[in-house]
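Beneath this line is the structure, given in structure tokens, with notes to follow.
We did not get these values from a lab; they are worked out from the coordinates using the rules stated. Worth saying up front: this structure is predicted, and the values here are computed from it rather than measured. Cβ: placed from backbone, ideal geometry, glycine included. Neighbour counts: every protein chain shown.
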Amino acid sequence: MPYNVLFLCTGNSARSILAEGILNQLGRGNFKAYSAGSHPSGAVRPEALKQLELAGICTEGLRSKSWDEFAAIDAPKLDLIFTVCDSAANETCPYWPCHPISAHWGIEDPASLQGTPEEIERAFHRAFSLLNRRIALFLSLPLATFDKLTLQKELENIGKLER
């Protein structure tokens, strides 16, 4: 304890940032969440920050960063890795020491939506809501009672919900 969890996406500007904020709020004390991207955009989308702030979640320190930071020797030892976008799930990831458990929780990218400000806000809210529900389900699992393979299957099943 705490478990170190990394949420991966391509741009690390929306979905993975949302997941990092949500898990750090809901899993306080038991989990430390991080996020990163294979090709980080360099900026967090203001719509993602707004969703977190509306939920009372701290946004301090959230930034778009490369997954290379978490493959470095001095990086935190990762226990779990979640990909939250389909393109990151299909990319060749860096070598992760200790072979953390991984699962795919694909969510439609609200940052890629072209539309009215209201449509874009709804897309960010939907991404936030899906991640919030999946993370709540994840936190309800008795992690210590599962072997690695069973836990991975449970996490993958959570990722298939409400897709």
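For the chain, a Gaussian network of Cα nodes joined below 10 Å ranks Asp79, Asp68, Asp147 by mean-square fluctuation, and the top entry is Asp147.
Give, as a single signed number, the net charge of other residues whose beta carbon lies under 13 Å from the beta carbon of Pro110, with Lys and Arg counted +1 and Asp and Glu -1. The answer is -1. Residue ranges 110-117, 128-135, 43-50 sort as 128-135, 43-50, 110-117 when ordered by packing (mean number of other C-beta atoms within 10 Å per residue, highest first).
The helix-based estimate of mean residue ellipticity at 222 nm for the chain, built from -39,500 (n - 2.57) per DSSP H run of four or more residues and divided by its residue count, is -11500 deg cm²/dmol to the nearest 500.
Centre-to-centre, using Cα atoms only, the stretch 60-86 and the stretch 99-163 are separated by 16 Å.
The charge dipole of the chain, taken about its Cα centre with unit charges on the Cβ atoms of Lys, Arg (+1), Asp and Glu (-1) only, comes to about 320 debye. Normalised by the number of residues in the stretch 3-159, the average gap of Cα pairs under 8 Å and 6 or more apart makes the relative contact order 25 percent. Site pair Glu121 and His99 shows an inter-label distance of 4.8 nm when each label is modelled 7 Å from Cα along Cα→Cβ. Candidate cross-link partners of Lys148 among the aspartates and glutamates, defined by an alpha-carbon separation under 17 Å and a same-chain spacing of 8 or more, comprise Asp79, Glu156.
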